[in-house]
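The values are calculated or read from the model by the stated rules, or taken from the named source; none is laboratory data. These numbers come from a predicted model, not from an experiment. All Cβ positions, glycine included, derive from the backbone under ideal geometry; neighbour counts span all protein chains shown. In case anyone asks, the SASA skips ligands and DNA or RNA and just uses the protein heavy atoms, side chains included. Shrake-Rupley method; radii C 1.70, N 1.55, O 1.52, S 1.80 Å.
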Amino acid sequence: MRIQLSGLPLEPQTFEHRGAADEYINDRDTFSGDIYIQAIIHREGNSLRLNLEAELPGQFICHRCGDSFTRTHCFKGEYFFISDEGGGLSTDREFSIIPKGAVSLDISQEIRDMILLGLPAKILCSNDCRGLCPHCGVNLNKDECACQTEVIDPRWKALQKLKNEKS
Ligand SMILES: [Zn+2]
Ligand SMILES: [Zn+2]
């Protein structure tokens, strides 16, 4: 995605883009749809503030129960740019440099960073996903299984053994 810099007015400008997600994330199996991106550019002296938002639908496999589901992830990020002519700026912000005389700004890397940072490492179908039964493998979101009641308290097991030995 490119932002036109020449003739950029003083007031914040909003740019929108919708296109194939694989331009920004290299995972066509998960993200086969389009990404929607909104970029707002604020001019602050010789620097630019970029506020990014994106919506990215995907087809995921739950980390806990293995079910597949679709979800749209939303991302937000803030990035700062400064023109090459700047110099001598003391700040704790991290700026990317806008090359001297640039007429447009490529913000594709910022979009990629925002997506990679924003995607959770473990994606769950829901926060209270009950996962699979460790004994029989049943998906506990959909089915009940008898395993829970069959797991006997070890103290009862000892009693049971005694009882069995007597009879
Ligand atoms: Zn799940
Ligand atoms: Zn079970």
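Observations on the model:
- Contact map, region 127-145: residues that are at negative phi and assigned by TED's automatic domain parsing to the domain that holds ARG71 paired with residues that are loosely packed, with under 12 Cβ neighbours inside 10 Å and among the β-branched types (Val, Ile, Thr), Cβ distance under 8 Å, separation 6+ or inter-chain. No pairs are found.
- In region 103-121, residue surrounded by the fewest Cβ atoms within 10 Å (Cβ to Cβ) [restricted to those that are at pLDDT below 95 and assigned to a loop (DSSP other than H, G, I, E, B)]: ALA121
- LEU124 in a loop (DSSP other than H, G, I, E, B), more than 13 Å from ligand 2 (Cβ to nearest atom) and assigned by TED's automatic domain parsing to the domain that holds ASP84: yes
- Test: residue in region 28-37 that is basic (Lys, Arg), under 18 Å from the mean Cα position of the chain (by Cα), assigned to a strand (DSSP E or B) and on the phi < 0 side of the Ramachandran plot: no
- Of all the listed residues (GLU23, GLU55, GLU11), the sole one being in contact with a Cys (Cβ under 6 Å, 6 or more places away or on another chain), open to solvent by 50 Å² or more (accessible area, probe 1.4 Å) and not basic (Lys, Arg) is GLU55.
- Restricting HIS17, HIS73, HIS63 to residues that are of a type outside the set (Val, Ile, Thr), within 30 Å of LEU140 (Cα to Cα) and surrounded by 15 or more Cβ atoms within 10 Å (Cβ to Cβ) narrows the list to HIS73.
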